[in-house]
Structure formats: C-alpha cells, structure tokens
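Q: The structure under discussion is supplied below as structure tokens; questions concerning it will follow.
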Amino acid sequence: MEWVFLEETDSTNRVAKELARQGAPHGTAVLAKRQTAGRGRLGRQFFSPEGGLYLSVILRPQCPVEDRALITPMAAVAVYRALMEDLCIAPRIKWVNDLYIGDKKLGGILCEGCGDAVIVGIGINLYTPEGGFPADIPAVALDPWPGLVDVRELATDIRNYLLDPGPFLREYRSLCLTVGKNVTVHPVQGEPYAARALEIDHRCRLVVERDGHRETLDSGEVSVRF
Ligand code: BT5
C-alpha cells in the first residue's frame, strides 16, 4: 500500500504513525482533504480546513540517528521544488520548518520519530477557506485558479523528492529567509533573547550572533522580526 487517501481524519501524522507501527514500508503516504486535529510542533495546532494539502510520508531512513535532524530541512526543500515545478510558486523557508510567502506562513512541516521510522508531516494552504483564516494566524494561501492544482499530483511530487532528495543544502541556504535578519530566539529552556541570524551551517543549524558571540542552534524556536 503506497498511498492512503482520506476525506477527513484527525491528523495524517497520527494515521501514518499507526501504519508505521504496523510495519508499513518506507514511502507509504497518507493524504487527507481536511484534518480535525492537525498538529504543529510543541503541541500546537495546525488549522486544516478543506482546501489545503495535508500529507504524511513514512520514511525509514538508513542514515545515522544524528542525521535525522536533516530530514526537516530536506522536506522543506522537497516542498519548495514541487511547488516550483507544479505551480511556478517559490516560497521561502523560515528556519527550520516553515514555508513563507512574504511575511505570512504558507505551510509547515512536522517530523516525528516512531521507532526506526520518521513521519514527515506537511501542511500547505492551497486555497483561503471561506471566511478567511483565523485572525490570530498570520497565514496565506496560494489561491490559484480553481482546478489548477492537482493535489494528488503535488503530493506525489513532494513524496518523490522526499524519497530521492539528492543534495539540498545549497538550496536550503539560498531559500532561507531567516539569515541576515534580527530574530528572537525562544530556547527550549530559558528566556527569549534577541540575536542576529548569521548563516546556516553544514548541518543546517542556524548560527546567530548574540551580544558579540556566535551561537549555533539546532532546535528551538526563532521568530523573525520582519
Ligand atoms: C507547523 O508547526 O507548522 C507544522 C505543521 C504540520 C502540519 C502537517 S499537516 C499534515 C501532518 N499532520 C499533522 O497533524 N500535522 C502535519 P509549527 O511550526 O509549530 O507551527 C504551528 C503554528 O502555525 C500555529 O501555532 C499557528 O500560529 C500557525 N498555523 C496554524 N495553522 C496554520 C495554517 N493553516 N497556515 C499557516 N499557519 C498556521
């Protein structure tokens, strides 16, 4: 079973995890038209009405465990490539997992481990829902002509890039909108602090300058002051 297509589910990541636990192979993908409890990172919600792409792909990576952190940035590049190829749309990437158009979020990526599998969850706003996005979510949709987006084709292209990404670091660096900006770092523990984003290193970590010192971040939240 390569694909599972659902009209509605709580979370495609939840479904994919269940399938992974049952032994579903590398590349198995779950695509839903809407989610009732779409998940973001750190227990946050991902607003998932009809009109978006909600995809989870099961990867069983052969790489060392420490390289798994590269899967999220790799997935961001996979989404970029598919959007460019299918729709000529070029989002930027906010380190580490968000896709942006201008200063608004077009979509996000949530990677979750599950035994030896990694579930790559991708949400993209294709069409603005009736009534718009909730006021507290600075979201944007692609809003192409009705019928222009073939969601299954877009999902297939994303999956293909996930399964065979090739080199992606240079693309990630050139697409990353965070570098060069003043940012606020929200560490997993401790108080938020102001910094300047300097570069993406060879492990896709964000290097920032804080009070004249360089720091390398491999996780945590960074908000950009646009
Ligand atoms: C993410 O988390 O952006 C990861 C989103 C992953 C969603 C996919 S959909 C398929 C798969 N199944 C799931 O259950 N999840 C994955 P994070 O960086 O934590 O961002 C969450 C924040 O983004 C929220 O707190 C809101 O501020 C904002 N947000 C929520 N819904 C949004 C939307 N539709 N568009 C843009 N921003 C949104």
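Values quoted throughout were computed directly from the atomic coordinates according to the rules given, and no laboratory measurement underlies them. Quantities reported herein were computed from a predicted structural model and do not represent experimental measurements. Ideal geometry is used to build each Cβ from the backbone, glycine not excepted, and the neighbour counts take in all protein chains shown.
Q: If you take the beta carbon distance between residue 153 and residue 218 as r and set R0 to 22 Å, what does 1/(1 + (r/R0)^6) give as a FRET efficiency, to the nearest 0.05? Let's see the in-between values first.
A: On the way: r = 34 Å, r/R0 = 1.56.
It comes to 0.05.
Q: Count charges around residue 117 for me, please; just the other residues with Cβ under 10 Å from its Cβ, Lys/Arg as +1, Asp/Glu as -1. Don't skip to the answer; put the middle values down first.
A: Working: positive: 17, 21, 60; negative: 112, 116.
Charge balance in the 10 Å sphere: +1.
Q: With viscosity set to 1.306 mPa s and temperature to 10 °C, compute the Stokes-Einstein D of the chain, Rh being the Kirkwood radius across alpha carbon pairs; µm²/s, no decimals.
A: So the translational diffusion coefficient is about 89 µm²/s.
Q: Obtain the nm distance between the two label points defined at residue 47 and residue 84 by a simple spin-label model: each point lies 7 Å from its Cα along the Cα-to-C-beta direction.
A: 2.9 nm
Q: Compute the helix-to-body angle for 151-163: its Cα long axis versus the longest principal axis of the chain, expressed 0 to 90° and rounded to tens.
A: That works out to roughly 60 degrees.
Q: Lysine pairs in the stretch 3-175 with Cα distance under 22 Å, only those 8 or more apart or on different chains: how many are there?
A: Details: 17/33; 33/105; 94/104; 94/105.
Step by step, the pairs that qualify in the stretch 3-175 add up to 4.
Q: Taking the Cα-to-Cβ direction at residue 128 and at residue 170 and moving 7 Å from each Cα, how far apart do the two end points lie in nm?
A: 3.8 nm
Q: So, one more: Compute the distance in nm between two label points, each set 7 Å from the Cα along the Cα-to-Cβ direction, one at residue 36 and one at residue 60.
A: Modelled inter-label distance: 3.1 nm.
Q: Grab the DSSP H runs of the chain that are 4 residues or longer, score each as -39,500 (n - 2.57), total them, divide by all residues and round the 222 nm result to the nearest 500 deg cm²/dmol.
A: Theoretical 222 nm ellipticity from helices: -6500 deg cm²/dmol.
Q: Mind giving me the FRET efficiency for residue 193 and residue 5? R0 is 45 Å, r the Cβ-Cβ distance, nearest 0.05 is fine.
A: Details: r = 45 Å, r/R0 = 0.99.
The pair residue 193/residue 5 has a calculated efficiency of 0.50.
Q: Something else: Rg to Rh for the stretch 182-224: what is it, with Cα atoms only and Rh by Kirkwood?
A: 0.92
Q: Roughly how tilted is helix 12-21, in degrees to the nearest 10 and between 0 and 90, from the longest Cα axis of the chain?
A: Approximately 80 degrees, to the nearest 10.
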